[in-house]
Amino acid sequence: PSKHVALYNNMAFVLGIMLVTVFISQMFQTRSITKPFSLFFMNPDILAVNLTYMVCTGFFVFFFRRPKSMAVFYSLLWIALSFVSYVKYTSLWQPVVLLDVYQLSDALVAMFAYYKLPAIIGVVVAFIGFIVLIIALSRLEKPVKFSLTRVVGSLVLCITCVFGLGAVTTLDAFKLNDRELSETYNNKGFIYSFISYAFSSNVSAPD
């Protein structure tokens, strides 16, 4: 119905932004512009799983009055995380994992020790640019009124993705390889690998 056109347009925009984010994050991961295209087009199931993970963790953007601006902000967070992984890989030959949060202070010390001032200034300028971009988009975007259809549709989309991931990720093709962490990130996708390792990083205390 025509009354739901705005909802469809917002969902299409958000999914498009997330799709672009999947490619950009994988470009940082593989340090190549062309490798993500060959990976995802030769293995569309990997592309679908990475995109589905983004939808599952980012469906909340539809609950805001400016979903497009929130989708851009959410995507920029993933892009920034993939860039951090790129920086870590160039230094330690390992991608970033959730447990690296506990090493944040050491990472900041290493950044100032191993990277020159122009590179650090570039990162700060990029961060400020992200903030300015989000503010500008939020001012340009027209607020969306509360709609129960939008909330229910977002929840149904998320639930569908969760059940789909629960079935797909049990396949052998999506098993994690702890011995070759960087290869898993390269072959399975940055977003899928980061979230999967985050869920499997909890270690229970032995008896």
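The values are calculated or read from the model by the stated rules, or taken from the named source; none is laboratory data. This structure is a prediction, so every number in the text was calculated from the model and none was measured. Cβ coordinates were reconstructed from backbone atoms using ideal geometry, including for glycine residues, and neighbour counts include every protein chain displayed. Surface areas here come from the heavy atoms of the whole protein model, side chains and all, with no ligands, DNA or RNA. Shrake-Rupley method; radii C 1.70, N 1.55, O 1.52, S 1.80 Å.
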Got a sec to turn the phi values of the stretch 56-72 into Karplus ³J(HN,Hα) couplings, 6.51 cos²θ - 1.76 cosθ + 1.60 with θ = phi - 60°, whole Hz, x for Gly and Pro? 4, 8, x, 5, 4, 4, 6, 7, 8, 6, 10, x, 5, 5, 5, 5, 5
Please give the calculated 222 nm ellipticity per residue for the chain, where each DSSP H segment of at least 4 residues contributes -39500 (n - 2.57) and the sum is spread over every residue; nearest 500 deg cm²/dmol? -24000 deg cm²/dmol
Bounding extents of the chain in its principal axis frame from Cα atoms, largest first in Å, are 55, 44, 43
Quick one: how many Å² of ASP45 are accessible to a 1.4 Å probe, rounded to 10? 80
The chain: longest segment with zero exposed chymotrypsin sites (Phe, Trp or Tyr not before Pro), where exposed means DSSP loop plus at most 12 other C-beta atoms within 10 Å, is residues 1-92
Please enumerate, by chain and number, the lysines with C-alpha under 30 Å from the C-alpha of LYS68, excluding those fewer than 8 residues away in the same chain. LYS3, LYS35, LYS142, LYS145, LYS188
Using the basic label-point model (7 angstrom from Cα toward the beta carbon), what is the TRP93 to ALA167 distance in nanometres? 4.1
Given a Förster distance of 30 Å, the FRET efficiency implied by the Cβ-Cβ spacing of LYS35 and ARG179, rounded to the nearest 0.05, works out to 0.90
